[in-house]
Amino acid sequence: MKVQSWTPKIYAPLLLGHLGVLLFAGEDWILAGSYAFVLAMLALTVLLCWRRLRLSISHNTPLWGLLLGALLSQGVAFGLLLVDALHHPQGTLVAFDPTFWFCLGSFWLIAAAAYNPLTPMRRWTTAIDGALACAIVLLFYLMLHRLLTADHPQQAAARYVMWLFDGMALFVALFAVLRFIATRRADERRFHFVLATFACIELVIPAVHNRFILSSESWLPEWLLGWPFVVLGLLLSRRHTVWLGGYQPALRVRQAAASIAPLMLSLALCLLGFAQLGRDRPLAMGALILAVAAYGVRTTVLLGYHQAVEEQLRGLRRDLHHKSVRDELTGLLNRAGFRQVLRRAWQDAVRAKRAFAIAVIDVDNFKSFNDTYGHLAGDDCLSLLGHTLRTEAGKQPGVVAARYGGEEFVVLLSGLPAREAEAMMQRLRQHVEALQIRHINSAHGVVTISAGLAVMPAGTSLASEKLLRAADEVLFEAKRDGRNRIQCATTTTPAPTATA
């Protein structure tokens with residue numbers, strides 16, 4: 001039988017039994033019986049939470065563990081109330097030890113809402129938030145302790161304590177709801193929905209219970225005490241359900257919720273500190289200093305983290321751009337990178353009235369080389385040619401080499417007149433031939449290159465695309481005339497053009 005089907009069948013008799021005790025038990029056993037049934041419902045909820053913790057992924061295990069800690073703390077508190085009821089059948093208004101354990105339960109709920117261990121930065125901020133939550137609960141408990149041990153009229157003290165607990169419950173509920181809004185992961189949203197629901201019920205039902213107790217002599221309000229654990233248990237029994245799965249708050253809403261939540265911790269501690277100024281000035285000042293310092297440290301940690309992330313993103317963008325314009329095999333510019341460099345270099349040459357040349361290079365008989373030695377050998381050959389072109393081009397300012405596609409390469413020669421540009425290309429051809437890459441189907445016995453060179457003399461202007469096309473045309477002449485040679489064409493035009 002599935003857990004979600006038998007869970008209601010256990011809670012229902014417990015709720016009915018609790019109601020029966022309140023209606024029919026004797027005066028000496030009503031309160032003790034009521035707490036016993038509450039503890040039974042709480043024990044079942046603890047078991048369901050323990051099951052959920054065991055079945056959860058490791059990422060979420062601490063979250064369910066913190067919720068389990070809150071339930072166990074409340075279990076201790078109700079256990080102490082049961083012991084007190086056995087000795088004092090009419091009950092005490094507020095017991096000292098149960099108050100401490102109720103406060104501890106609130107701490108675990110706040111810690112669960114603040115927990116976020118995704119990155120080292122998040123672990124640091126979680127630790128800071130945890131320290132603030134601990135300070136809030138400790139100061140809250142000290143206020144209750146002083147109030148309960150002071151000489152105040154019982155009714156006035158009870159109402160003040162009631163309002164204090166309402167304030168703490170309201171803070172926990174708001175903090176849990178904000179954390180739910182700021183969560184994106186489906187598995188975390190499932191947990192934070194359960195947490196926020198439980199925190200909201202813990203706000204409403206105890207508040208209603210306390211007011212009925214103060215204004216009525218009836219024991220029936222005690223029936224409300226078990227309902228938060230029943231609702232939580234029913235939620236815990238449904239393991240795979242993602243509540244409000246279609247609810248996706250806008251990015252700004254999530255960011256606002258994530259920013260407000262830590263501010264709430266500091267503000268709550270400040271308010272408690274101000275409340276203690278008239279009673280314990282050193283303690284109040286310590287609380288205020290801790291609230292401001294913790295928020296400042298948290299902000300500094302976040303700022304440093306975001307600056308580091310921004311620097312990493314800039315580095316990734318640089319790497320991505322580098323890869324997008326570079327050929328992986330040869331390390332030269334690819335066609336896209338060549339187009340960018342060509343546009344800028346051509347514009348600079350026209351503006352400065354410098355000579356500008358483009359050479360289109362083709363590896364001779366490369367298809368035959370691939371067929372004979374295999375494509376891996378062909379890749380090695382192109383890689384070695386690319387290294388040679390890159391090395392030689394780097395020796396001369398204004399010379400840039402790129403892989404245009406397949407076995408074709410291009411070289412931009414900015415500021416070199418026709419004679420120097422041709423000499424440069426002859427040196428490149430000779431260096432490639434000197435590599436002595438064996439090619440039995442070549443007339444020279446080794447891998448060679450042919451190139452077509454088109455030069456725009458200084459003071460003239462020709463569209464870069466036309467210059468590239470001219471270099472490609474004379475490359476075919478070099479191929480037709482025997483390969484392993486450089487064919488040069490000087491191109492001029494009297495009218496400048498505005499296109500690149």
* To do: Please verify whether region 220-236 includes one or more residues that are acidic (Asp, Glu) and free of Cβ contacts under 8 Å to residues at least 12 places away in the same chain.
  => no
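Would you point out which residue out of ALA345, ALA349, ALA336 is touching a Leu at 6+ places or on another chain (Cβ under 6 Å) and part of a helix (DSSP H, G or I)?
Working: ALA349 fails: touching a Leu at 6+ places or on another chain (Cβ under 6 Å); ALA336 fails: touching a Leu at 6+ places or on another chain (Cβ under 6 Å).
Unique residue meeting the criteria: ALA345.
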* To do: Could you list all residues from region 446-484 that are modelled with pLDDT of 90 or more and in a loop (DSSP other than H, G, I, E, B)?
  => VAL447, THR448, ASN484
* **Tally, over region 391-449, of residues that are of a type in the set (Gly, Ala, Ser), farther than 26 Å from LYS367 by Cβ and either without any contact (Cβ under 8 Å) to a residue 12 or more places away in the chain or outside the structural domain of ALA357 (by TED's automatic domain parsing) (or both)** => 2
* Asked: Would you say ALA12 is buried (at least 19 other Cβ atoms within 10 Å of the Cβ), without any contact (Cβ under 8 Å) to a residue 60 or more places away in the chain, in the same structural domain as SER106 (by TED's automatic domain parsing) and closer than 21 Å to GLU202 by Cα?
  -> no
* Asked: What single numbered condition from (1) within 30 Å of LYS2 (Cβ to Cβ); (2) free of Cβ contacts under 8 Å to residues at least 60 places away in the same chain; (3) in a loop (DSSP other than H, G, I, E, B) fails to hold for GLY331?
  -> (1)
* To do: Please name all residue pairs, on different chains or six or more residues apart, with Cβ atoms under 6 Å, provided the first residue is in region 292-312 and is over 26 Å from ALA268 (Cα atoms) and the second residue is of a type outside the set (A, V, I, L, M) and loosely packed, with under 11 Cβ neighbours inside 10 Å.
  => none
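Please work out if PHE229 is surrounded by 15 or more Cβ atoms within 10 Å (Cβ to Cβ), at pLDDT 85 or above, more than 22 Å from LEU16 (Cβ to Cβ) and touching a helix residue (DSSP H, G or I) at 6+ places or on another chain (Cβ under 6 Å).
When the stated conditions are applied, PHE229 does not pass them.
Residue-wise test of (1) at positive phi; (2) touching a strand residue (DSSP E or B) at 6+ places or on another chain (Cβ under 7 Å); (3) surrounded by 13 or more Cβ atoms within 10 Å (Cβ to Cβ).
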residue	(1), (2), (3)
ALA293	no, no, no
VAL297	no, no, yes
ASP319	no, no, no
SER324	no, no, no
ASP327	no, yes, yes
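The values are calculated or read from the model by the stated rules, or taken from the named source; none is laboratory data. All of these numbers come straight from a predicted model, not from anything done at the bench. Every residue, glycine among them, receives a Cβ derived from its backbone with ideal geometry; neighbour counts consider all protein chains shown.
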